[in-house]
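Below you'll find the structure, written out as C-alpha cells, and then a few comments.
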Amino acid sequence: MNDEEQQPATPAPEGEPQESHEKERDPPTHEHLEEALREKDQFRLMAQRAQADLINYKRRSAEEMDELRRAANSRLLTRVLSVVDDLDRALSHIPEDAVTPGWFDGLLLVQRNLNNLLESESVTKIEALGQPFGPWEFEAVQYEETTEVEDGHVTRVVREGYRLRDRVLRAAQVIVAKRPEPEQQSETTEEGE
C-alpha cells in the first residue's frame, strides 16, 4: 500500500464542518479575482501618491534650502555694504597730501577688491541720480525745492542702494526734487485776508 493512501484525513478543527476546508481549496472565483484586482489598483494608487508626495517634499526642501542660502547671503552682503560705505566715505575725506601714495593706493586696492566681490555675487548699484522716485528702490530722506530737476526726481544720493540680481538688497537713500510754491499765490492769499 501506498503511504499517501494510508494516512488518515486531517480532522476539521472543533466546531467547523469538514466542508469549509474543501471550499478554501477550491479555485478562486470570478468575484475573488475582481476583488484582488481592485485591491491591486488601490495599492498602486497609494504607492503612486506616496511617490508623488516624496517628490514634492524633496522639491520643497530644496527650495527652502535655496531660500535660506539666499537670505543668509543677503544678510552677509548687506553687512559688507556698510563696510564699503565706510571705506568710500573715508577715502573721500582724506586730503591728498595727508598720506603717502603707497598707502592711499593700498586703500584703493581694498576698495576695488570689495567692489569686485560684490560684482562676483551679482550685486549692482541702483542708479538713482536724476531718476524718478520709486518707493520700491528708493528711500526719500528729504525733499529739496528746486526748478533745476523735474518734480519727483532724485536730486542727490545720500547712501547708495544695491540690487542682488533682480531683488533690491538695500534701497538708496535719496533727496527728491519738489517744485517750489509759487510766491504770487501766497501774496494774493495774504492780500485777500
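All of the numbers you see were taken from the coordinates with simple rules; none came from a lab. Since the structure is predicted, the reported quantities are computational estimates derived from the model, not experimental observations. Here Cβ is always computed from backbone atoms with ideal geometry, including for glycine, and neighbour counts include all displayed protein chains.
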>> Spelling out what I want: for every residue of region 155-163, take phi, set θ = phi - 60°, compute 6.51 cos²θ - 1.76 cosθ + 1.60 (Karplus), and round to whole Hz; glycine and proline get x.
In response: 9, 8, 10, 7, 9, 4, x, 9, 10
> Between ARG79 and ARG156, what length in nm is gained on full extension when 0.36 nm per residue of separation is reduced by their alpha carbon distance?
Replying inline: 25.4 nm
>> What are the extents of the Cα atoms of region 34-121 along their three principal axes, in Å, largest first?
In response: 97, 17, 11
>> For a quick check: with amide H placed at 1.01 Å from N, whose amide H comes under 5 Å from LYS178's, ignoring anything fewer than 5 positions away on the same chain?
In response: GLU144, GLU145, THR146, GLY152
>> Under a Cβ-only charge scheme (Lys and Arg +1, Asp and Glu -1), can you give me the dipole magnitude of region 34-121 about the Cα centre, in debye to the nearest 20?
In response: 460
>> Please list, in order, the residues from region 103-128 whose amide nitrogen is less than 17 Å from a point placed 7 Å along the Cα→Cβ vector of ARG163.
In response: 118-128
